[in-house]
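Have a look at the structure below, then the notes.
The values are calculated or read from the model by the stated rules, or taken from the named source; none is laboratory data. What you are looking at is a predicted structure, and each value in this text was computed from that prediction instead of being measured. Backbone-built Cβ (ideal geometry, glycine too); neighbour counts: all protein chains shown. The accessibility values were calculated without ligands, DNA or RNA, using every heavy atom of the protein model including side chains. Shrake-Rupley method; radii C 1.70, N 1.55, O 1.52, S 1.80 Å.
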Amino acid sequence: MPLSDVVVVDSTLREGEQFVLADFSSDAKLEIARALTSFGVAYLEVTSPAASRRSRTDAATIANAGLPATVAAHIRCHKDDAAIAIDTGVGALHMVMATSPILRAASHGKAIAEVVRIAAEVGEFVRSRAPNIELRFSSEDAFRCPLNDLMNVYLPLSELRLFDRFGLADTTGAATPDRVAEVVNLLGRLTATPIEFHGHNDIGCAIANAHAAAVNGATHINTTVLGLGERNGITPLEGLIAVMYAADRVSTVARFRLSELPALCRRVAELAGVAVPFNQVLVGDTAFSHKAGMHTKAVHNDPRSYEAMDPSDFGLTREISISHRLTGWNAVRVRADALGLRLALADLKEATSRVKNAADENALSLDDVDRILTDVAALATARPH
């Protein structure tokens, strides 16, 4: 499936709420929901309304806020959970049940045949109560589940035509792209049903796994802002956006208000009580910074030489650092030009040498570099011609 067609199912209001430091207030949840939909996300997943009284109220508030998005409640595969969620007015139910041997034994203790029976029973109940609601059934811990078991769940369920989508969750974040590609491709082909992927980041593969899922047929990808979630979290929204942008800039720019992404990430970080990591995809402080001499020269000539994305599309600017021992004279020339100093090549190289020598001894600021440039320019002016 083309990446430009993938549906982003953002779960900041559900998986993100499970992040150990997060405790979003009701007002914060609605603020996040509005910011996500303003950015361009059209599918929001919220905590099960059965989790608590406030969870139920929050789900109803968001579902009835008139947002341009489908609001989905993430629920256990229980009739009671489904009934409570339906009554809040959400537009979709995301049912989940463990399928891997280790998780089945540790959670519900059911055999594969029982998983199928329960999923079918709850699915039929939902269709009787809310015929037009979107319904997804997802296998928890799908990628540690033997393929035979997985197919013995999904094939009979696909024949019932109760579900709009099937979900595959890398619950422990231990899957790799090749495994994700294999399972997503196989399930999509055998069931002829849209596939949703939910991938955790425990071994650092969440973005790569999301990409593998999408190019192998997954129609929906779960994200959270900054990847917030259980343990190391899941696929970060900004990471998936970066992948989509790199594959098709035109459609990504048309589909999302990219300039809103940095502020969205900063605000969610603030509400979660964390800082945006310095090296976070797209929105980290160093995402568009350049330092080495070879890099800075090329970036001045053509930013595409060392940038896969244009920071201006995201309302950001690149930083070219020159206050260090790795600087080159081309970068120093650009700074001299910005200061209105027209230096000959020999003088630029002299200024560069002074910057390098000074940086070997102490940390430099841009003001220090400017003073060196001013001194060299003054000497050049005083020199007899």
Fill in: For the stretch 117-230: relative contact order, % (alpha-carbon pairs under 8 angstrom, 6 or more apart)
24 percent
Discussion item. Taking a virtual spin label 7 Å from the Cα of residue 128 along the C-beta vector, which residues in the stretch 163-204 bring their backbone nitrogen under 17 Å of it?
Written reply: 163
Practice prompt. Take every DSSP beta bridge with both residues inside the chain and express the antiparallel ones as a percent of the total, to the nearest 5.
Written response: 5 percent
Item to complete: Between 66, 328, 273, find the one with the highest GNM mean-square fluctuation for the chain; connect C-alpha pairs within less than 10 Å.
Response: 66
Practice prompt. Compare 360, 302 by solvent-accessible area with a 1.4 Å probe and give them largest first, with all protein chains kept in place.
Written response: 360, 302
Item to complete: Sticking with the crude label model, points 7 Å out along Cα→Cβ, report the distance from residue 105 to residue 117 in nm, one decimal please.
Response: 2.2 nm
Fill in: Förster radius 30 Å - calculated FRET efficiency between residue 4 and residue 159 (Cβ-Cβ, nearest 0.05)
0.45
Worksheet entry | Cα centroid separation - the stretch 263-279 against the stretch 202-218, whole Å | 23 Å
Response to the item:
Toy charge model, Lys and Arg Cβ at +1, Asp and Glu Cβ at -1: the chain dipole around Cα centroid in debye, rounded to 20, equals 300 debye
Discussion item. Let me cross-check residue 124: its accessible surface, 1.4 Å probe, with only protein heavy atoms counted, in Å² to the nearest 10?
Written reply: 100 Å²
Response to the item:
Scoring only Lys, Arg, Asp and Glu (+1, +1, -1, -1) among other residues with Cβ under 13 Å from the Cβ of residue 200 yields -4
Worksheet item: Given the chain, what count of lysine pairs have C-alpha atoms under 23 Å apart, with each pair 8 or more places apart or on different chains?
Response: 5
Discussion item. Given points 7 Å out from each Cα along the Cα-Cβ axis, report the residue 25 to residue 383 separation in nanometres with one decimal.
Written reply: 6.3 nm
Item to complete: Rounded to the nearest 0.05, what FRET efficiency do residue 52 and residue 274 give with R0 = 30 Å and r taken as the Cβ-Cβ distance? Could you check?
Response: 0.80
Response to the item:
Which of (1) 20.6, 78; (2) 21.7, 70; (3) 26.0, 94 gives Rg and Dmax of the Cα atoms in Å as computed here? It is (3)
Worksheet item: How do 270, 114, 196 stack up against each other in accessible area, from largest to smallest, with a 1.4 angstrom probe?
Response: 270, 114, 196
Discussion item. Antiparallel versus total DSSP beta bridges in the stretch 13-164: what percent is that, nearest 5?
Written reply: 0 percent
Discussion item. I'd like the FRET efficiency for residue 289 and residue 361, computed as 1/(1 + (r/R0)^6) with the beta carbon distance as r and R0 of 25 Å, rounded to 0.05.
Written reply: 0.60
